[in-house]
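Read the structure below first, then the notes.
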Amino acid sequence: MSKDVIIIGSGIGGLCCGALLARYGYRVTVCESHTIAGGAAHGFEREGYTFDSGPSLYSGMSYRGSTNPLRHVLDAVGEGDTVTWANYDTWGVRLPEGDFDTTVGNDQFAEVLHRLRGEAAVEEWRRLQAAMVPLGKAATALPAAALRLDGGAWQTVAPYAWNLLRNAPALAQSSNPFSSVLDRTTTDSFIRHWMNLLCFLLSGLPAEGTSTAEMAFMFAEWYRPGVTLDYPIGGSAALVDALVRGLKNFGGTLRLGTHVKKILVDHGRATGVTLRSGEVLRASTIIANASIWDTLKLVPEGALPQDFVTERQATTPCPSFLHLHLGIDGEGLPPDLACHYITVEDWERGIDAPQNLIVMSIPTVLDPSLAPPGKHTIHVYTPATEPYDLWEGLDRRSAEYADLKKTRAEPLWQALERIIPDVRQRVEVELVGTPLTHERFLRCHRGSYGPAISVQDGLFPGPKTPLEGLLCVGGSTFPGIGLPAVAACGLITANTLASVSQHRAMLRDALG
């Protein structure tokens, strides 16, 4: 069998997988339909302002020994120290209970609780923290970098066997909904709302749909002494560039503006792709970093079992996003602006209600190079709560589309005005991204950010498919919709194609 691999899509999952496979000696070609690499994490420029296209909250990236699988990939391909990270620990919160700043890494949240809810709420928070300690140890007992999906796993997992064994009781709870932990520890409504918020930011689902393992991982990362959040100098594009360098350093190829039209199947095996240009590329393994819905459209009819197609087509998608990207004049703004803010309008509507939760980033607080001198870059968005149905079928050049953008963006403006009251008078660049924007540039089904697979409905399906030679990476395969999840999937998929000796060598480089 040849060692040629084609990866469809240059999202973070595809780049992680591709860079590792190149390190493992595979001849890797990454085909990206867009002219910019990075998928939902790509960066772009307008009139001197540099914007992150998607969410931009990072942790565990600025040091070796982190639990973040994305840092493990960067270290494995020799790029771990090439990205410069700004560190911070505070983000702003605007909730029905009031406005406050919250800090990771210490006990400041207990002080907020005491002020807002009283001593009884603090005691419940302590009880929840205590319950999460063994769960956090279990969630970090085995690094994703050690996993593979074949018989060699027993050799790469073996060094962690004792750690797994001593955390077995907590591991048994890891696949349960996080709501089960809340139900036995917490009755205070504010704490439960806060946990629902964090669950949603992690998985796109509230506590009853989010696995205990995901939240335990977050607790272990965010609520330990001395922890900071990270932001890459140069924006998310700097992170993408590092992965692309890792790919190319080991001989891999990235082809931008290269749209894959069809996956080729011969004698029951994926053998290559046909590009929109008509060019045919051949490989022994095809790895789709497209969503599962879009991947199924690429496979010839009948090449996959119908029950697999029916089941995967029925995967519930997360709603889409609405984005407001702004370049503003920063003269006279307070010097203590935070990099991130969140607002919640009404807990009773549900954390996943459209336009109820709004997230804001002002990355120029940490990296002024992203804007001209004295200016700020701002990104305001609704995180996977914007209904695609409102936009379906609209002509992007029509007045109706322009009017809907203005109407739907108004709550984003209002949320931002709670931070910068005169922001509308400061605007120099204004861009509104819609579900149709997501669908167009990210090539994603209905502009979705990924699958909404509740832990109550079972595990994520993983990278394997019934078609020999076809694997998947990215948001359709591993729990969570964020960067650690897609990086973990990229690791596992690449490891499965590598020899055990290659895998072990990677672990030594990535984990020390």
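Okay, here's what the table says:
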read-out: Cα-Cα separations in region 316-395 greater than 19 Å, expressed as whole percent; value: 48 percent
read-out: Three principal axis lengths of region 406-487 [C-alpha, angstrom, descending]; value: 57, 28, 22
read-out: Packing-based order for 269-280, 285-296, using average beta carbon neighbours within 10 Å, highest first; value: 285-296, 269-280
read-out: For the chain, diffusion coefficient by Stokes-Einstein and Kirkwood Rh (Cα), 10 °C, 1.306 mPa s, µm²/s; value: 68 µm²/s
read-out: Anisotropy class of region 270-368 from Cα gyration tensor, a/c 1.5 cut; value: oblate
read-out: Cross-link pairs beyond the 32 Å C-alpha cut-off, checked among Lys406/Lys464; Lys137/Lys262; Lys248/Lys464; Lys261/Lys464; value: Lys406/Lys464; Lys137/Lys262
read-out: Separation of alpha-carbon centers, region 101-157 and region 235-285, rounded to whole Å; value: 37 Å
read-out: Computed [θ] at 222 nm, deg cm²/dmol, the chain (DSSP H ≥ 4; -39,500 (n - 2.57); rounded to nearest 500); value: -11000 deg cm²/dmol
read-out: Unit charges on C-beta of K, R, D, E only; dipole of the chain, Debye; value: 1820 debye
read-out: Residue among Ala120, Pro96, Ala144 farthest towards the positive dipole end of region 63-150, charges placed on Cβ; value: Ala144
read-out: Net charge contributed by nearby residues that have their C-beta within less than 9 Å of His376 (K/R +1, D/E -1); value: +1
read-out: Net charge contributed by nearby residues that have their C-beta within less than 12 Å of Ala207 (K/R +1, D/E -1); value: -3
read-out: For region 101-192, the Rg and Dmax computed from alpha carbons only, in angstrom; value: 17.2, 54
read-out: Sequence-distant aspartates and glutamates (8 or more away, or on other chains) whose Cα lies within less than 16 Å of Lys297; value: Asp307, Glu311, Glu439
read-out: Sequence-separation-based contact order of the chain, relative, with Cα cut under 8 Å and 6+ spacing, percent; value: 25 percent
read-out: Per-bin percent of Cα-Cα distances, region 247-328 [5 Å]; value: 3, 11, 18, 20, 15, 13, 10, 6, 3, 1, 0, 0
read-out: Relative intensity, log₁₀ I(q)/I(0), of region 359-512 from a Debye sum that treats every alpha carbon as a point, q = 0.12, 0.13, 0.16 Å⁻¹; value: -0.78, -0.87, -1.07
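Taken together, the values in this text are just the output of simple stated rules run on the coordinates, not laboratory data. Just so it is clear, the model here is predicted, and its values are computed rather than measured. Cβ: placed from backbone, ideal geometry, glycine included. Neighbour counts: every protein chain shown.
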